[in-house]
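Read-outs throughout are calculated quantities, based only on the coordinates presented, and are distinct from any laboratory measurement. A quick note: this is a predicted structure, and the numbers were derived from the prediction, not measured. Cβ atoms come from the backbone with ideal geometry, glycine included; neighbour counts cover every protein chain shown.
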Amino acid sequence: MNKLFLKSIIVALVLTMISPLSIVVALEDEIVYDQPVVFSETYEIVENVNQRGQISTSKLRLTVSVIKAYKSDSSLSNVSIQYNYKWLSEPLYRWSDGLTMTWDNSNLRFKDESFTKKDYYFNDVLKKQVLFTHEKTPSELSSQGIGWYADLAGWHLTPKNSEGYGHFLLVPKKTIKTGSIQLYANYAHALAGGIGISIKGVSVSFAGSHDKQATSKTINLQRGKV
């Protein structure tokens, strides 16, 4: 098998936009690859006074990791997306929060059975993070969006370090070597009772009393482009 030797590049970018993002991009190309070349792009939703019901980043940390994989002909193989949440200060209300991810490129679709989500909390008896819920079926799924619930350990008297993630793959409907995809990330924290998720195209709405964070990021689908 032919092996690729490419120069290692580490790039750190900080962008200030209408929805400001902190972006870290790592191209690890010094490695000898026996598989399609990939690179990962990670960004963090940061505090924005323009967002309604903003939850301080000192209390809640949200990150989205994107990994693009390519075939030997440099066409896109898949896009791996992981949406992570971590409560740094436990919220007063601990039920089920809503998370969604939508995308604007109709040439990409959700890969069947690629979804998984896990929620964790710190167990005082075991003195470690333990798995609270694990599911492999999203709560909402459309042609350009996916939604699920983060189950917070509300029954626990002294919950700590509530965190978790949802992960899934997007695959091309046809050969893709150029273009881009706009990702829209949303998190809704329930303030009273249950919360509902509705996805229509790239538009998302949440039912019930909640605080919300939202942001977006454009991902270049061409190999080697950020």
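Per-structure values
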{"read-out": "Residues His167, His210, His134 arranged by fewest to most Cβ contacts within 10 Å", "value": "His134, His167, His210"}
{"read-out": "Loop GluC sites (Glu not before Pro), the range 66-171 (other Cβ atoms within 10 Å of the site Cβ: 11 or fewer; DSSP)", "value": "Glu113"}
{"read-out": "Relative exposure of Val202, Val66, Val125, Val226, judged by other C-beta atoms within 10 Å (fewest first)", "value": "Val125, Val226, Val202, Val66"}
{"read-out": "Normalised contact order of the range 36-220, rounded percent, pairs of Cα under 8 Å and 6 or more residues apart", "value": "26"}
{"read-out": "Nearby lysines by direct alpha-carbon distance to Lys118 (threshold 18 angstrom, same-chain neighbours under 8 apart not counted)", "value": "Lys86, Lys128, Lys136, Lys160"}
{"read-out": "Within the range 105-162, chymotrypsin sites (Phe, Trp or Tyr not before Pro) in DSSP loop having at most 16 other beta-carbon neighbours inside 10 Å", "value": "Trp155"}
{"read-out": "Rough spin-label spacing in nm, given labels placed 7 Å along Cα→Cβ, for Ala192 and Ser58", "value": "2.7"}
{"read-out": "Cβ-based exposure ranking for Ile55, Ile81, in which fewest neighbours within 10 Å come first", "value": "Ile55, Ile81"}
{"read-out": "Segment Lys225-Asp73, extension gain: residue separation times 0.36 nm, minus the distance between their alpha carbons", "value": "53.2 nm"}
